[in-house]
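These notes are about the structure you will find just below.
The values are calculated or read from the model by the stated rules, or taken from the named source; none is laboratory data. The structure displayed is predicted, hence computed values, not measured ones. Glycine also receives a Cβ, built like all others from the backbone with ideal geometry; neighbour counts cover every protein chain displayed.
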Amino acid sequence: MTYSYFPGCTLKTKGKDLDIWGRASAEALGFTLEELPDWQCCGAVYPMAKDEIATRLSSVRALMAAGEKGQDLVTLCSACHHVIKRVNNDLRTDETIRDKVARYLKLETPYAGETNVRHYLEVLRDKIGFDVLKEKVVNPLTGRKIGAYYGCMLLRPASEMGFDDPENPTILEDFIRAIGAEPVIYARRNECCGGYCTIKDKGFATKQVDAIMENARNCGAEELITACPLCLYNLKENATDGLPVAYFTELLAEALGVKEAAK
Amino acid sequence: MPVNEEFKPTIVAFCCNWCSYAGADLSGTNRLQYPANVKIIRIPCSCRLNPMFVLRAFQRGADGVILCGCHPGDCHYTTGNYYARRRMTLLFSMLDFLGIERERTRVEWVSAAEGAKFAATMNDFSATIHKLGPNRRLEDLRCRKD
Amino acid sequence: MQRVGVFVCWCGSNIAATVDVEKVAEVLAKEPGVVFSTNYQYMCSQAGQEMIQESIAKYNLTGVVICSCSPRMHENTFRKTCEKAGLNPYMVEIANIREQCSWIHKDKETATEKAVILGRAAIAKVHLNAPLTSGTSPVKKRALVIGGGIAGIQTALDIADAGFDVDIVEKEPTIGGKMTQIDKTFPTLDCAACILTPKMVDAAQNEKIHIYSYSEVSSVKGFVGNFKVTIKKKARYVDETKCTGCGLCTEKCPQKKVPNAFNLGLDNRRAIYIPFAQAVPKVATIDADYCTMLKSGKCGVCSKVCTAGAIDYTQKDAFIEQEYGAIVVATGFNPIKLDQYDEFAYSQSPDVVTSLEFERLMNAAGPTGGTLLRPSDGQHPHTIVFVQCVGSRCDDSKGKPYCSKICCMYTAKHAMLCREKYPDTDVYVFYIDVRTPGKNFDEFYRRAVEEYGVHYVKGMVGKVVPENGKLKVQASDLIGNQQLHIDADMVVLAAAIEPDKSARPLATMLTASMDTNDFFTEAHPKLRPVESPTAGIFLSGACQGPKDIPETVAQASAAAAKVIGLLNKDHLVCNPCTAQPDELMCNGCSSCEKVCPYGAITYVDKEFRGPNRTTLLRRVAQVNPAVCQGCGACTVACPSGAMDLKGFSNKQIMAEVDAICR
Amino acid sequence: MIDTIKRISGVNPRKCMKCGKCTASCPAFERMQFHPHQFVDMVENGRIHELMNSEGIDFCLSCFACVERCPRNVEPAKVIEAVRLAVVRQQGGAHLTPDEIPALLDDELPQQAITAAFRKYRK
């Protein structure tokens, strides 16, 4: 199975490893991520205002490029995922936005959100299956107590993201189980880490991160994983006394035995 | 055919007594507006609708005909709306064969509690008929009085 | 040609404000056959009705058209009016110019034009009306009550009191319903069991009442006065006639790990059980999902210890057929599942409970013997947070759009009882609005605040984080304009209530209508609140909408009164609008019989005169007018057009179509 | 102005039943002068300028907790975004200029953070 792949800005620069591990693991699991040739940055923030059209265009171009190849569009970064999935939803449901976009891009037939957007984790869950993943694991991470940190962008708003139960998600826990480790459930796993404010007010970000870390630690977690590069940075850099944090593809590559080879 | 600006479609709505007629009453009780060109005929059950009535309406110059009944499974007479659905499906393919636009006839399920749905359905149907313009294909000009 | 009189009603300003009633009367006067046309302020009033009656005599009217409110409202009124004036009641037609005209249009000209057309259609129809006479059908003098909660029990007791037989069908092993799980009742704080259990015993001992416990209704046929119902008695693997309710089996059963549904899973029971000490009937039931004997054939302990020999592992579901004149629905409610509200950490912490679970934790017969202890560690909670409107008043896919009505009061009760029994606890109640309409209700709530010092906070809880044995509650205080962070020991969620899941399939069986929330709809929201629009079906308790106990009991007795009124009659007047075949056109093809949901159509061989003085024997359809309900399915199925429906004949409907389209 | 805010946010403030669930869920509560439920209420009552001049409107983290948990589907975050846009679309309303960026960078900071800040604080 081949998917169009939208890596996004962070994974191409500061977060190269995440991208490399993600792709290597994909190959090990029998699917290919084909990077879109001319992708442009999604903008990192979903433009909520209905009259913001230009800021939606880069997502639309990526969606159409994948659509032309007849492939689903896979994202790894949760911000890209959030932006592209919601823009796609806008084009599917909002006629005004659809028409305006078509005029901006001089499209003969307006793009109406036909492409499917999937997060890497959704591919693992819905296409590969966590039971298959479990069978392919060569280095099970037995005995590690891992807390999943979801953050905001994967889950909310559930009506548009359709990713998992927004208040009691299970996809990362199932993932942790599949790679042989023990998931630790803690309530703050879907509370905001304050990442967007890290430039403006580090103190505030730290306060948020510390509350998350404390909750995870008190519930028995020894390390955290996340699916968002900004959360990863924020949890790592702004914690007063944090647990180790990893991107989920790192542990995936480790479990599949492709971590070292990929580097 | 250019759509006449003065075009006021005639729409006949057949409503079953137990659900849809009550639903129409409820939209009145809630003062929910829908166009005045929708005229309701009360029938005991959607299965009372003889497809002949629909043809008769078109012949006499109706521009759209809609049948409303109880939701599947909720028919007051247990199974009536299932019969209605099958009969109307047949009628639709016949009208299609005759070259009558598919959108001119419709079947909707409206319960006694769905006043808002009734009004919305009628607004939508009326808008559809407006777009289609007058029914000329099945109208029997001999029946015209003016 | 009929001599038609047209009567246009103003309905005060309801019609007259948007419809030019005088003009309508004037225009309709010119329709063929109309000999008299007038308008009046309130046609349904005494004076209006008298005017109709006088006009019938004066103008020798043979048909009457009334342009007024919906026929669902006053068709019967006007039929009776005309009947008194000597006109056949089925010579009356109503043009609905209120609900379907004046109330939905604003422009007077358009509305008037539409009213005229609706009037014309009615006139066209009345020209083809024929006098109809109603037949009668007998009434079976027995009532069925579906659901044995406080609503069903009260209805059954009242019906039995009037001397009629009543059967209660209850799906649980005991009657009593939700009220058995409740500790105290508001606003009097008397104990629920103390007032309920005597009623349960009364019902069991009343010789007019038969209780089918652990049973369900599996099919309903027939119609008002003559329902044929099949009741499924689920196998409980215990012979009810032999079991003495001694309870020895429930102590000896080795399968101890069965979540106790009566205590909402807060503790365990055995695989053979009696839900609670005051159960009626006090008979044991084996839970087939957990019984080792039923699953693997190895055990049989209960059978060995039972001195009455009541255990019967081979028992099968039994089906009982019974006839009833009336059916009362009393299926009640359940709190919603809180799976989708995990911001309150309901699935993450045992110390986050629903109000009904809290009720069990406070109850002397509950899992903690009435001492309030946290489910997680059995400790006394010192800070308790109550959250109201969990899933009520929602406009999303997760919750219910309505107010669940009872939560404000029971939360005030819980808060008050906590403070009374354990004065060292801090109690917070987060509310959106406190709704206390009801006798002595607001006084009760004020007492909770003023005398018991419950902290009522206008705001909502946004997040509950279980951590280190505490529940960190993050909430808003809108009046204080602050975000509160409370370290609580317990969080109690006032979950919305919804109709019992069994109500929807039951409604389908009864062909009784429901609203989008699965509450049964009443025949009229104000004037016929305890009857379903389907004749012979009555509504009792929360199946019709959220209700507290006093309201439920009031409605239960009201439903009983309606049932008694029905069962008191020996015969019911049938709907005369039944199907009728034209025997000369019928070719006996059986198409109509196949679509008839009531089996009202049979065939007879009848002699007809053939050509040349011969007689032919032909098979023709016959409709039993007492059974036919007048749906009209057969009229459309008939290939030769022989079948027609009285009151809604082909010609009548065609005439209406023509009138509207011309 | 009210109409612009309502139009570009797509929010109907009249759906709000003033339960305060949004404000109870808001992680940035203490940094904001006005809180999510107040944004909805003040837009309804035409107090837009107070909102535009208030402290901390750029502190909304776009975490969508208020959107997700609102029982009436009001979507307060969209109102806050619309008010913020009304500010940055004014002359000189931008909070961030390209010259300021180098000073904000550290080695590990993901691009995403800068892009996001740029999107949120200037036009």
Which of the residues belonging to the stretch C:347-385 are touching a residue at least 60 places away in the same chain (Cβ under 8 Å) and either within 14 Å of chain D (Cβ to nearest Cβ) or among the aliphatic types (A, V, I, L, M) (or both)?
C:VAL352, C:VAL353, C:LEU356, C:LEU361, C:MET362, C:ALA364, C:ALA365, C:ILE384, C:VAL385
Kindly evaluate C:ILE406 against the criterion of being within 19 Å of D:LYS18 (Cβ to Cβ) and not assigned by TED's automatic domain parsing to the domain that holds C:PRO546.
no
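Could you grab me the full set of residues in the stretch D:36-75 that are among the hydrophobic types (A, V, I, L, M, F, W, C) and more than 10 Å from chain A (Cβ to nearest Cβ)?
Step one: of the stretch D:36-75, the residues among the hydrophobic types (A, V, I, L, M, F, W, C) are D:39-40, D:42-43, D:48, D:51-52, D:57, D:59-61, D:63-67, D:70, D:74.
Listed by number, the residues that qualify are D:PHE39, D:VAL40, D:MET42, D:VAL43, D:ILE48, D:LEU51, D:MET52, D:ILE57, D:VAL74.
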So, in the stretch D:34-63, exactly how many residues are over 16 Å from D:LEU85 (Cα atoms), free of Cβ contacts under 8 Å to residues at least 24 places away in the same chain and within 13 Å of the chain's Cα centre (by Cα)?
3
Is there any pair linking a residue in the stretch C:521-541 that is in contact (Cβ under 8 Å) with a residue 60 or more places away in the chain to one that is charged (D, E, K, R), with Cβ under 9 Å and at least six apart or on different chains, and which?
C:SER532/C:GLU522; C:ILE537/C:GLU531; C:PHE538/C:GLU531; C:PHE538/C:LYS562; C:LEU539/C:GLU522; C:LEU539/C:GLU531; C:GLY541/C:LYS547; C:GLY541/C:GLU551
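Please specify each residue of the stretch C:141-187 satisfying the condition of being within 30 Å of C:TYR445 (Cα to Cα) and of a type in the set (Gly, Ala, Ser).
Step one: filter the stretch C:141-187 for residues within 30 Å of C:TYR445 (Cα to Cα), giving C:149-154, C:176-187.
Of everything in the stretch C:141-187, those that are within 30 Å of C:TYR445 (Cα to Cα) and of a type in the set (Gly, Ala, Ser) turn out to be C:GLY149, C:ALA151, C:GLY152, C:GLY176, C:GLY177.
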Return the residue satisfying two criteria in turn: it lies in the stretch B:74-88 and is of a type in the set (Phe, Trp, Tyr) and within 22 Å of C:THR516 (Cα to Cα), and of such residues it is farthest from the other protein chains (Cβ to nearest Cβ).
B:TYR82
Quickly run through the stretch C:439-454 and pick out the residues that are surrounded by fewer than 18 Cβ atoms within 10 Å (Cβ to Cβ) and either in a loop (DSSP other than H, G, I, E, B) or touching a residue at least 12 places away in the same chain (Cβ under 8 Å) (or both).
C:LYS439, C:ASN440, C:GLU443, C:ARG447, C:GLU451, C:TYR452, C:GLY453
Is it true that C:SER404 is within 14 Å of chain D (Cβ to nearest Cβ), without any contact (Cβ under 8 Å) to a residue 60 or more places away in the chain, among the hydroxyl-bearing types (Ser, Thr, Tyr) and not in a strand (DSSP E or B)?
no
Considering every residue within the stretch B:27-39, establish whether at least one is within 7 Å of another protein chain (Cβ to nearest Cβ), touching a Leu at 6+ places or on another chain (Cβ under 8 Å) and farther than 12 Å from C:GLY632 by Cβ.
yes
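From A:ASP165, A:ASP131, A:ASP126, which residue is charged (D, E, K, R), farther than 19 Å from A:ALA246 by Cα, surrounded by fewer than 17 Cβ atoms within 10 Å (Cβ to Cβ) and within 14 Å of chain C (Cβ to nearest Cβ)?
On the way: A:ASP131 fails: within 14 Å of chain C (Cβ to nearest Cβ); A:ASP126 fails: within 14 Å of chain C (Cβ to nearest Cβ).
A:ASP165 is the lone residue from the list that is charged (D, E, K, R), farther than 19 Å from A:ALA246 by Cα, surrounded by fewer than 17 Cβ atoms within 10 Å (Cβ to Cβ) and within 14 Å of chain C (Cβ to nearest Cβ).
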Residue by residue through the stretch C:621-638, note down the ones that are at pLDDT 90 or above and either outside any strand (DSSP E or B) or more than 21 Å from C:PRO576 (Cβ to Cβ) (or both).
C:GLY630, C:CYS631, C:GLY632, C:ALA633, C:CYS634, C:THR635, C:VAL636, C:ALA637, C:CYS638
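Would you confirm whether any residue within the stretch C:170-180 is over 22 Å from the mean Cα position of the chain (by Cα) and assigned to a helix (DSSP H, G or I)?
Initially, the stretch C:170-180 is screened for residues over 22 Å from the mean Cα position of the chain (by Cα), giving C:173.
Those still in the list that are assigned to a helix (DSSP H, G or I) too: none.
Checked against the condition, which is being over 22 Å from the mean Cα position of the chain (by Cα) and assigned to a helix (DSSP H, G or I), the stretch C:170-180 yields no hits at all.
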Output for the stretch C:458-483, where each listed residue is farther than 16 Å from A:GLU191 by Cβ, within 11 Å of chain D (Cβ to nearest Cβ), touching a residue at least 12 places away in the same chain (Cβ under 8 Å) and not in a loop (DSSP other than H, G, I, E, B):
C:LYS458, C:ASP477
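Here's the yes/no breakdown for (1) closer than 23 Å to A:GLY129 by Cβ; (2) in contact (Cβ under 8 Å) with a residue 12 or more places away in the chain; (3) touching a strand residue (DSSP E or B) at 6+ places or on another chain (Cβ under 7 Å); (4) crowded, with 19+ Cβ neighbours inside 10 Å:
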residue: A:GLY147; (1), (2), (3), (4): no, yes, yes, yes
residue: A:PRO169; (1), (2), (3), (4): yes, yes, no, yes
residue: A:GLY180; (1), (2), (3), (4): yes, yes, no, no
residue: A:GLU222; (1), (2), (3), (4): no, yes, yes, no
residue: A:ALA255; (1), (2), (3), (4): yes, yes, no, yes
Determine if the stretch C:359-381 includes at least one residue that is of a type outside the set (S, T, N, Q) and more than 19 Å from C:ASN268 (Cα to Cα).
yes
Looking only at the stretch A:233-263, which residues are within 15 Å of the chain's Cα centre (by Cα) and farther than 16 Å from A:ILE176 by Cβ?
A:TYR233
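For every residue, the table says whether it meets (1) crowded, with 19+ Cβ neighbours inside 10 Å; (2) farther than 23 Å from B:ASN123 by Cα.
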site	(1), (2)
B:GLU6	no, no
B:PHE14	yes, no
B:SER20	yes, no
B:VAL65	yes, no
B:LEU90	no, yes
Just give me the residues in the stretch C:602-640 being within 14 Å of chain B (Cβ to nearest Cβ), under 27 Å from B:TRP18 (Cα atoms) and exposed (fewer than 15 other Cβ atoms within 10 Å of the Cβ), in sequence order.
C:PRO639
Within the stretch A:1-18, how many residues turn out to be over 21 Å from A:ASN116 (Cβ atoms) and not in a loop (DSSP other than H, G, I, E, B)?
6
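Within the stretch C:509-533, track down each residue that is out of contact with any Ser or Thr (no Cβ under 8 Å at 6 or more places or on another chain), farther than 12 Å from C:PHE333 by Cβ and surrounded by 15 or more Cβ atoms within 10 Å (Cβ to Cβ).
So the first thing to find is which residues in the stretch C:509-533 are out of contact with any Ser or Thr (no Cβ under 8 Å at 6 or more places or on another chain), and the list is C:517-519, C:524-529, C:531.
Narrowing further to those that are farther than 12 Å from C:PHE333 by Cβ: C:524-529, C:531.
Of everything in the stretch C:509-533, those that are out of contact with any Ser or Thr (no Cβ under 8 Å at 6 or more places or on another chain), farther than 12 Å from C:PHE333 by Cβ and surrounded by 15 or more Cβ atoms within 10 Å (Cβ to Cβ) turn out to be C:PRO529, C:GLU531.
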Considering A:VAL245, A:VAL209, which residue is surrounded by fewer than 24 Cβ atoms within 10 Å (Cβ to Cβ) and either closer than 28 Å to A:VAL137 by Cβ or of a type in the set (A, V, I, L, M) (or both)?
A:VAL245
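State yes or no: is C:PHE520 away from chain D (no Cβ under 14 Å), touching a helix residue (DSSP H, G or I) at 6+ places or on another chain (Cβ under 9 Å) and closer than 30 Å to C:LEU157 by Cα?
On the way: away from chain D (no Cβ under 14 Å): yes; touching a helix residue (DSSP H, G or I) at 6+ places or on another chain (Cβ under 9 Å): yes; closer than 30 Å to C:LEU157 by Cα: yes.
Yes.
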Report, by residue number, each residue of the stretch D:1-32 that is within 10 Å of another protein chain (Cβ to nearest Cβ), surrounded by fewer than 17 Cβ atoms within 10 Å (Cβ to Cβ) and free of Cβ contacts under 8 Å to residues at least 40 places away in the same chain.
D:ARG7, D:LYS18, D:GLU30
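Looking at this structure, is A:ASP241 in a loop (DSSP other than H, G, I, E, B) and of a type in the set (Asp, Glu)?
Details: in a loop (DSSP other than H, G, I, E, B): yes; of a type in the set (Asp, Glu): yes.
Taking the combined requirement at face value, the residue satisfies it.
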Being under 15 Å from C:ALA203 (Cβ atoms) and assigned to a helix (DSSP H, G or I) is the filter here, so list the residues in the stretch C:122-169 that pass it.
C:ILE150, C:ALA151, C:GLY152, C:ILE153, C:GLN154, C:THR155, C:ALA156, C:LEU157, C:ASP158, C:ILE159, C:ALA160, C:ASP161
